[in-house]
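The values are calculated or read from the model by the stated rules, or taken from the named source; none is laboratory data. Remember, predicted model here, so these are calculated numbers, not experimental data. Here Cβ is always computed from backbone atoms with ideal geometry, including for glycine, and neighbour counts include all displayed protein chains.
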Amino acid sequence: MPSIDLYVVHLVRDPRGFAHSGSKIKFTSGNVPWSPKIPPFRSAFSWLKRNWFIERVLSRKKGRYLRVHYENLIENPIQTLKEIGSLLGIKLEPSDLIKDNTIHLGENHFSAGNIDAITKQGKIVLKLDERWKRDMKWWNIVLVTLITWPLLLKYFIVDKMMKKKHVKLGR
């Protein structure tokens, strides 16, 4: 639609972390499950399908697409938000919202994600969730890695190498 001025911020998380998160039942504050367990192989195919679609369809317009790694967002939220602002052509002052990896949220809405973090208002501490590295069964790690390897390689090896190259070149 020509009337839509679309920009895409593509948030990617390691598919093994995504699969591990999906394998857990999530509850509302009333101890009522709101998300069923999803087997790791199904999460892996879902991750691959969604990211492949974004990669093929939504990343085509130069200057209107930014891939953000979950780990970078959590470890350096102010820099990540500045990059998003740069994409949009606006100067964001994320330091008004974020202090020492604590974000100050008002009322918000969501379509998917961590219901505990999203339904809370006020201060939320951003912390990296890498529980999959110690809690996920090794065969599920191997399975998810094998299913997602093309984009896993691109996002988590090539992207990291390119970022290091840009830093060394002073870009």
Quiz item: How do the pairs read when you match residues in region 52-66 that are of a type in the set (A, V, I, L, M, F, W, C) with residues anywhere that are part of a helix (DSSP H, G or I), using Cβ under 8 Å and keeping only pairs 6 or more apart or on different chains?
Solution: W52/L151; L66/E83; L66/I84; L66/L87
Self-check item: Matching option when the condition is out of contact with any helix residue (DSSP H, G or I) (no Cβ under 6 Å at 6 or more places or on another chain), farther than 28 Å from R131 by Cα and modelled with pLDDT under 95, among S35, S3
Solution: S3
Self-check item: Residues of region 53-76 that turn out to be basic (K, R) and within 18 Å of V158 (Cα to Cα), as a count
Solution: 2
Practice problem: Determine whether region 79-99 contains at least one residue that is at pLDDT below 85, of a type outside the set (F, W, Y) and within 23 Å of S21 (Cβ to Cβ). | Solution: yes
Exercise. Report, by residue number, each residue of region 54-94 that is part of a helix (DSSP H, G or I), surrounded by 15 or more Cβ atoms within 10 Å (Cβ to Cβ) and of a type in the set (S, T, Y).
Key: Y70, T80
Quiz item: Which residue, of W132, W139, is exposed (fewer than 14 other Cβ atoms within 10 Å of the Cβ) and modelled with pLDDT of 75 or more?
Solution: W139
Practice problem: Give the residue that is modelled with the highest pLDDT, with candidates limited to residues of region 114-129 that are part of a loop (DSSP other than H, G, I, E, B) and loosely packed, with under 12 Cβ neighbours inside 10 Å. | Solution: K127
